[in-house]
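First the structure, in the form of structure tokens, and then the observations on it.
The values are calculated or read from the model by the stated rules, or taken from the named source; none is laboratory data. All figures in this text were calculated on a predicted structure; none of them were measured in a lab. With ideal geometry, Cβ positions are generated from the backbone for all residues, glycine too; neighbour counts draw on all protein chains shown.
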Amino acid sequence: MGLIGKVLTLIFGGGRNVVRETAEVFRENAEAGAKRAQDVQIAAMDGFRAEFLQGPRGMFDRVMDGVNRLPRPAMALGCLGLFVSAMVDPVWFGARMAGLSLVPEPLWWLLGVVVSFYFGARHQAKGQEFQRQIAQSMAQVPQVVEAINSVRSVEAPKDANAALAAWQAERVG
């Protein structure tokens, strides 16, 4: 074995790759990084599945969800009602707005905080519900893939009828 062969065996021999190992000191192995990222993603999805797949919701949860849906439509309809009342009875509307002008500024700030916290909590609850639905969907992926594969396995091969294939080739060609 020549000198070049011995040098190459020294660098790449014995199941090692000194060049790759040296490069990995300075730059992450992309394939190993992708595998680690996949493991983290799978662990996160398993955590979501354990947290959000706790069974059906009870009557109290459904009633409270219905009650939580009332403030936004009430505020929207209330604003529209203010516009209508301003057109129907401007004097009545002016008296109500004059009363609102007497509300101290700290009370307006408090109202803003309460409304902000309400909608922030509502947004978080809906986001968690969305994550739960995603976890349920992701949990069903293996069954869907298996069903698709079983349907494809039943599918007849396209060249099963030699006479039909010959006729189609004759027609095209």
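Each row is one residue, and each column tells you yes or no for (1) charged (D, E, K, R); (2) without any contact (Cβ under 8 Å) to a residue 60 or more places away in the chain; (3) over 28 Å from residue 44 (Cβ atoms); (4) surrounded by 10 or more Cβ atoms within 10 Å (Cβ to Cβ).
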{"position": "116", "(1), (2), (3), (4)": "no, yes, yes, yes"}
{"position": "145", "(1), (2), (3), (4)": "no, yes, no, yes"}
{"position": "162", "(1), (2), (3), (4)": "no, yes, yes, no"}
{"position": "172", "(1), (2), (3), (4)": "no, yes, yes, no"}
Margin query: If I go through the stretch 88-116 residue by residue, how many of them are of a type in the set (Gly, Ala, Ser) and under 30 Å from residue 61 (Cα atoms)?
Written below: 2
Check: Which residues, taken from the stretch 100-116, are part of a helix (DSSP H, G or I) and of a type outside the set (S, T, N, Q)?
Finding: 100, 105, 106, 107, 108, 109, 110, 111, 112, 113, 114, 115
Notebook entry, point to check: So which residues in the stretch 65-94 are surrounded by 12 or more Cβ atoms within 10 Å (Cβ to Cβ) and of a type in the set (Lys, Arg), if there are any at all?
Noted result: 72
Check: For the stretch 18-65, what are the residues that are closer than 30 Å to residue 120 by Cβ, at pLDDT below 85 and of a type in the set (Gly, Ala, Ser)?
Finding: 47, 50, 55, 58
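Rundown of residues vs (1) closer than 30 Å to residue 57 by Cα; (2) assigned by TED's automatic domain parsing to the domain that holds residue 46; (3) out of contact with any Phe, Trp or Tyr (no Cβ under 9 Å at 6 or more places or on another chain); (4) outside any helix (DSSP H, G or I), yes/no style:
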residue: 86; (1), (2), (3), (4): no, no, no, no
residue: 118; (1), (2), (3), (4): yes, no, yes, no
residue: 121; (1), (2), (3), (4): yes, no, yes, no
residue: 129; (1), (2), (3), (4): yes, no, no, no
residue: 147; (1), (2), (3), (4): yes, no, yes, no
Next item on the list: Scan the stretch 96-113 and give yes if some residue there is surrounded by 10 or more Cβ atoms within 10 Å (Cβ to Cβ) and at pLDDT below 85, otherwise no.
Entry: no
